[in-house]
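Bear in mind these aren't lab numbers, they're just calculated from the coordinates by the rules spelled out. Please read these numbers as outputs of a predicted model, since none were measured by experiment. Glycine gets a Cβ as well: all are built from the backbone with ideal geometry, and neighbour counts include every protein chain shown.
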Amino acid sequence: MAAKATPSRAVAKAPTGLPGLDQVLNGGVPRGRNTLIIGGPGSGKTLIGMEFLLRGARDFGEPGICMSFEETDQQLKANVASLGHNLDALVRAGKLLVDYVYIERREIEETGEYDLEGLFIRLEHAIKRIKARRILLDTIEVLFSGLGNEAILRAELRRLFRWLSNHGLTAMVTAERGDGALTRYGLEEYVADCVLLLDHRVNEQVSTRRLRVVKYRGSAHGTDEYPFLIDRSGISVFPITSVGLAHEAKSERISGGVSGLDKMLGNQGFYRGSSILITGTAGTGKSTFASFFANSACARGERCFYFAFEESPSQILRNMRSVGLNLERWIKRELLHIHAVRPTSTGLEGHLAAMHKLITDHKPSVVVVDPITNLISIGDSLAVKAMLTRMIDFLKMQGITAMFTNLTPEGAMEQTVIGISSLMDSWVLLRDVEQGEARRRVLYLLKSRGMAHSNRMVEFELSERGITLHTDGLALQQRTSA
Amino acid sequence: MNAQASKSTKRPKAARRRKMMAWELRLYVAGTTPKSVAAFANLKEICETHMGGKYRIEIVDLLRNPQLASGDQIVAVPTLVRRLPHPVKKIIGDLSNTQRVLVGLDLKPARLTHAASQA
């Protein structure tokens, strides 16, 4: 993300190193200041904080301290190990220090005046030992239940956060979400440079994690709710915004994978980086078209990512063999990746976040989503459209050509659910036509933006030789969709 | 303050005395502040009055020995830690409320509160 917003220059940033999050934060959290991470139990606060420390220590040469008030170092070790981090190695290398602060109300009697200098001394000692630049306080609110004198506590916390800034530390402070207020103990009053809110929602038995930047003093930031994922390789935030109509429109053309189809598209195929929708009733050959499209990309030596939401990879490979298409060879050469998941395995945002991550990791030039229908069924239509818009914008920004298939119910030929067609550059319609005893398959190019294309209905056949379009004598009619 | 602390343990015959020493106390402070001075004075008085010489007070100044803070899980100062007899007890603050210190050290059962709650 280009730092074109002038206010963001004023605030120095410390990158978190978390994919997507830095983009949302326009570079990272404020350097030398405090960032508050708010969320309910299990929302991923600690993990984000730990990633901030671990990546800081590992990738940015900034040693970090984790002052944990809830989890012992053993528990923390186990938790970050599940994200693929080796805490011990960093600790041994002197790049990370974990201090577990244990406070049990029942074991403590209070009498008279005190302060939290003990905590400050522990911190200062730790900071000096590893020359720390980053710190995570997780969850300092525990002090409120451990110590009785709230007046002292509040004064000391105020002093603590100032003290951390004076020591030049970039701090992350986690807090429980409160009723009415942002946090249960009003920590936002003291830690207010940057506030991130995490949310873990369950909608129709499907859970989605989301992140929102509530506040970022002196810096531009993304304001939407961004879905994020926690998986084996850590946390990734899906930073897509709907502001991106700034992508460069390419004039390069790529084959649709079927020669007759290319012919209909002015003999040149689709634009690279465009979005293509293939709709049709059941059994009209949508997946076959998508597979040929993937095949042609691989044959050019490009990478293709095939998201299958209906069939397993082996099923797709078998079915495509029946139309004479050998996709195994591309998988063996690691050009084709088929990623098959059940649509109901996670929420819509979860899927899109996962897709975003896979695409970022594998950098394909072509993406197939087969079918998009199943994704639509798991969210409400407004949310679906918003998320798909983000997805398509993301793909366009990356210059990725994407083909989506969509099942349309019988009799509702030219309707795509929730009007996603408006997001698409090209729309190919497949249908069955009954004629006497036989059913014939026909293809129609409903639109293809910015190019001359045929407006004829063309009959086609699926056989072991692949897809054959009866384009003989097809006069190219100059029709251009806006 | 440190010097004062070690003196209070009555060095001669220390080995023999330790066996009969029922109380082992450690007072954590951060430098010489009014609070730490008050805490020590209050503690000394309580010990003299209620422990009949069978005690040992060790003062730990965290400014000099910051690495000792995590061992006893010190967050607030002053903190008094009763290391013996078991179990370990902690009292934070300047120890100005003698009654509460006595309750905290198990020198006095929290009877008043019990009676109050039963009434």
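May I ask you to evaluate 6.51 cos²θ - 1.76 cosθ + 1.60, the Karplus curve with θ = phi - 60°, for each residue of the stretch A:264-278 and list the ³J(HN,Hα) values in order in whole Hz, giving x for glycine and proline?
Values, residue by residue: 5, 8, x, 6, 10, x, 7, 6, 5, x, 8, 10, 10, 10, 10 Hz.
Okay, helix-only estimate at 222 nm for chain A: each DSSP H run of n ≥ 4 adds -39500 (n - 2.57), divide by all residues, round to 500 deg cm²/dmol; what do you get?
Numbers: 15 runs with 144 residues, N = 482.
So the calculated ellipticity at 222 nm is -8500 deg cm²/dmol.
What is the fewest-to-most order of A:248, A:70 by other Cβ atoms lying within 10 Å of their Cβ? Please report the intermediate quantities before stating the final value.
Numbers: A:248 9, A:70 16.
By the 10 Å Cβ count, ascending, the order reads A:248, A:70.
Taking a point 7 angstrom from the Cα of residue A:300 along the C-beta vector, which residues in the stretch A:327-341 have backbone N less than 15 Å away?
Backbone N within reach: A:336.
Kindly state, to the nearest 0.05, the FRET efficiency for residue A:334 paired with residue A:435, given R0 = 41 Å and r defined as their beta-carbon distance. Numbers along the way, then the final one.
Details: r = 44 Å, r/R0 = 1.08.
Taking R0 as 41 Å, the efficiency between residue A:334 and residue A:435 is 0.40.
Of the trypsin sites (Lys or Arg not before Pro) in the stretch A:51-156, which ones lie in a loop per DSSP and count no more than 16 other C-beta atoms within 10 Å? Working shown, then result.
Details: sites: A:55, A:58, A:77, A:92, A:95, A:105, A:106, A:122, A:128, A:129, A:131, A:133, A:134, A:154; in loops: A:95, A:131, A:133.
Listed in order of number, the matching sites are A:131.
Mind listing which trypsin sites (Lys or Arg not before Pro) in the stretch B:21-62 are in a DSSP loop and have 14 or fewer other Cβ atoms within 10 Å? Don't skip to the answer; put the middle values down first.
On the way: sites: B:26, B:35, B:44, B:54, B:56; in loops: B:54.
In loop regions of the stretch B:21-62 (DSSP not H, G, I, E or B), the sparsely surrounded trypsin sites (Lys or Arg not before Pro) are B:54.
Between residue A:322 and residue A:249, what is 0.36 nm times their sequence separation minus the Cα-Cα distance? Round to one decimal in nm. Walk me through the numbers on the way to the answer.
Working: separation 73, 0.36 × 73 = 26.28 nm, distance 3.65 nm.
Here the segment from residue A:322 to residue A:249 would lengthen by 22.6 nm.
Using 7 Å Cα-to-Cβ label points, what is the residue B:33/residue A:78 separation (nm, one decimal)?
Label-label distance for residue B:33 and residue A:78, simple model: 3.7 nm.
Please go through the stretch A:162-217 and write out the trypsin sites (Lys or Arg not before Pro) that DSSP classes as loop and that have at most 14 other C-beta atoms within 10 Å. Please report the intermediate quantities before stating the final value.
On the way: sites: A:162, A:177, A:184, A:201, A:209, A:210, A:212, A:215, A:217; in loops: A:184, A:217.
Here the sparse-neighbourhood loop sites are A:217.
Output the pairs from A:215/A:396; A:286/A:332; A:363/A:385; A:131/B:90; A:357/A:385 with a Cα-Cα distance over 22 Å in this structure; if there are none, say none. Don't jump to the answer; show the numbers that get you there.
Values: A:215/A:396 29 Å; A:286/A:332 24 Å; A:363/A:385 24 Å; A:131/B:90 31 Å; A:357/A:385 20 Å.
Checking Cα-Cα distances, A:215/A:396; A:286/A:332; A:363/A:385; A:131/B:90 exceed 22 Å.
Separation of the stretch A:299-345 and the stretch A:69-83 by C-alpha centroid, Å?
If we compute the Cα centre of each part, the gap is 38 Å.
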